[in-house]
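Read the structure below first, then the notes.
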Amino acid sequence: MAIKGKSKSRGAKGVTRGPKPAYVPVKTPLFRRRWVWIAAGTVLGVAAIAGIWYGFAKQAREDRERETQQRLAAAIADYRGAIEPVLATVGQPLPPTGFQVFPSLADALDSVEKGRRLEDSETMAGNVSEAATGAAAATDGIDVSAIVADEELERLFVVYLFSSQRGIVEGLKLYEEAASLVSLAAAADDGERDDLVTAARGVLELAERVFARGYADYVEAQAMAGAFEPIDPGAGLPLPIPTGPTG
């Protein structure tokens, strides 16, 4: 006999399965990736090539600079060999970078202005005039064009040499004129002497300035060639030439 109130048992409810686990690949470390090594090799290769190129370029530049310096030294040696014997006849170096020309002429002019030692001053001035004439001609005869014929010489160096020659020649010619005026003043009477002394002093001052500019250019040319040694006024010895930048 069937029992009432009981229903048929229902089947158990099914459970939904979770998602199937997916495979996650392990990432290769950056330093083991091929493209990283390729990129690094490329960069290192370019850097190596650049380094080699820079080394060759630097060496070539240093070689050019050394050759240029040798040319400058050779040119200044030729110019110095021609002009130094001339300068020795008109004066002496004035430490550290100047040059004193015919110091006796200024003394003679002072004596004439004071009316003293007129005959001696006239003789002295005549000797100075003769020496200045000869020195100017000798300096003007230096073939600077042949000395700077090398096309590799720096333009500024060439300018210094030509300017030096021109300034020294013009300065010596002015010394010649000043000496002639001193001679005239020494032989003149009192009425004319003062005017001649004034004229002689003006020309002498101009001669000093013009010659000094020419000699300064000579010093600059020597400095460019690394051949200038300034004189120490205390010890009478060359001063060391600074090797670093001077600004």
| field | Flag for GLU229 being in contact with a Pro (Cβ under 8 Å, 6 or more places away or on another chain), charged (D, E, K, R) and farther than 30 Å from LYS114 by Cα | value | yes
| query | How about segment 118-133: which of its residues are surrounded by 15 or more Cβ atoms within 10 Å (Cβ to Cβ) and not hydrophobic (A, V, I, L, M, F, W, C)? | reply | SER121, GLU122, GLY126, ASN127, SER129, THR133
| message | Among the residues of segment 133-140, are any within 36 Å of the chain's Cα centre (by Cα) and among the hydroxyl-bearing types (Ser, Thr, Tyr)? | response | yes
| request: Just give me the residues in segment 186-203 being surrounded by 13 or more Cβ atoms within 10 Å (Cβ to Cβ) and either at positive phi or not in a helix (DSSP H, G or I) (or both), in sequence order. | output: ALA188
| Number of the exception - VAL128 against (1) part of a helix (DSSP H, G or I); (2) hydrophobic (A, V, I, L, M, F, W, C); (3) within 30 Å of the chain's Cα centre (by Cα) | (3)
| modelled with pLDDT of 95 or more and under 22 Å from the mean Cα position of the chain (by Cα): does that describe LEU161? | yes
| Of everything in segment 87-105 that's surrounded by fewer than 17 Cβ atoms within 10 Å (Cβ to Cβ) and among the aliphatic types (A, V, I, L, M), which residue is farthest from SER183 (Cα to Cα)? | LEU94
| query | Can you name the residue in segment 144-155 that is among the acidic types (Asp, Glu) and touching a residue at least 60 places away in the same chain (Cβ under 8 Å) and, of all such residues, is surrounded by the most Cβ atoms within 10 Å (Cβ to Cβ)? | reply | GLU154
| query | In segment 204-223, what residues are surrounded by 21 or more Cβ atoms within 10 Å (Cβ to Cβ) and farther than 22 Å from VAL128 by Cα? | reply | TYR218, ALA221, GLN222
| In segment 121-142, which residues are aliphatic (A, V, I, L, M) and free of Cβ contacts under 8 Å to residues at least 12 places away in the same chain? | ALA137
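The values are calculated or read from the model by the stated rules, or taken from the named source; none is laboratory data. None of the values given here were measured: they were computed from a predicted structure. Backbone-built Cβ (ideal geometry, glycine too); neighbour counts: all protein chains shown.
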